[in-house]
Amino acid sequence: MDTAKVKEYVCLERRVDALSAELKQAKHDLGELEAVVVNEMLNAGFQKVTADGRTLTLKPKVEASPVEDRWAVVEALKQAGLDQFIPQNYNDSQLRGFVKEIASGVLALAEREERVATAEEIQAAMPEPLGKALKVWLGHELSSRKA
């Protein structure tokens, strides 16, 4: 095995960690400063400001959230005749969790048998109708930790 490549990988991994930390701090600082700049622009009545070759523009951001709970909003939508806003589907996050739960059993068995599991095995372990309706993808990535 070429240990030079392993060392190069670890070096790059450390660099990514350092850059990620720097980027995280810069994004945090930018977020704090954004609130200050937005308030100053609002107080001054400016829609746009140009500085150092960049133009900053205030963009309206409109959001809505339930006063009570989600089901009260569903009822209100029905009463308002806005049924088109009520989805008749499934929750992606919960479905992913269910598939991962099935996959963990398949992966654990493969690990005990000292082999690599396949996406087809995971798919076959699902309830039949669901196994036919979903396409399972199984990728691999390296995991690294301090030795």
Practice problem: Could you pull out the residue among 38, 73, 62, 99 that is modelled with pLDDT under 85 and hydrophobic (A, V, I, L, M, F, W, C)? | Solution: 62
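Conditions (1) under 21 Å from the mean Cα position of the chain (by Cα); (2) closer than 30 Å to residue 64 by Cα, marked per residue:
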{"residue": "87", "(1), (2)": "no, yes"}
{"residue": "91", "(1), (2)": "yes, yes"}
{"residue": "94", "(1), (2)": "yes, yes"}
{"residue": "101", "(1), (2)": "yes, no"}
{"residue": "114", "(1), (2)": "no, no"}
{"residue": "122", "(1), (2)": "no, no"}
{"residue": "125", "(1), (2)": "no, no"}
{"residue": "130", "(1), (2)": "no, no"}
{"residue": "134", "(1), (2)": "yes, no"}
Quiz item: Looking at this structure, is residue 72 without any contact (Cβ under 8 Å) to a residue 24 or more places away in the chain, within 30 Å of residue 86 (Cα to Cα) and of a type outside the set (D, E, K, R)?
Solution: yes
Quiz item: Cβ-Cβ below 6 Å, separation at least six or inter-chain, first residue in region 90-104 and touching a residue at least 24 places away in the same chain (Cβ under 8 Å), second in a helix (DSSP H, G or I): which pairs?
Solution: 102/125; 103/122
Quiz prompt | Enumeration of residues in region 1-60 that are surrounded by 10 or more Cβ atoms within 10 Å (Cβ to Cβ), over 30 Å from the mean Cα position of the chain (by Cα) and hydrophobic (A, V, I, L, M, F, W, C) | solution = 41, 42, 46, 49
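Just to be sure, is residue 68 charged (D, E, K, R) and part of a helix (DSSP H, G or I)?
Considered against the rule, which asks whether it is charged (D, E, K, R) and part of a helix (DSSP H, G or I), residue 68 comes out as no.
The values are calculated or read from the model by the stated rules, or taken from the named source; none is laboratory data. Please read all numbers here as calculations on a predicted model, not as lab measurements. No Cβ is skipped: glycine too gets one built from the backbone with ideal geometry, and neighbour counts run over all protein chains shown.
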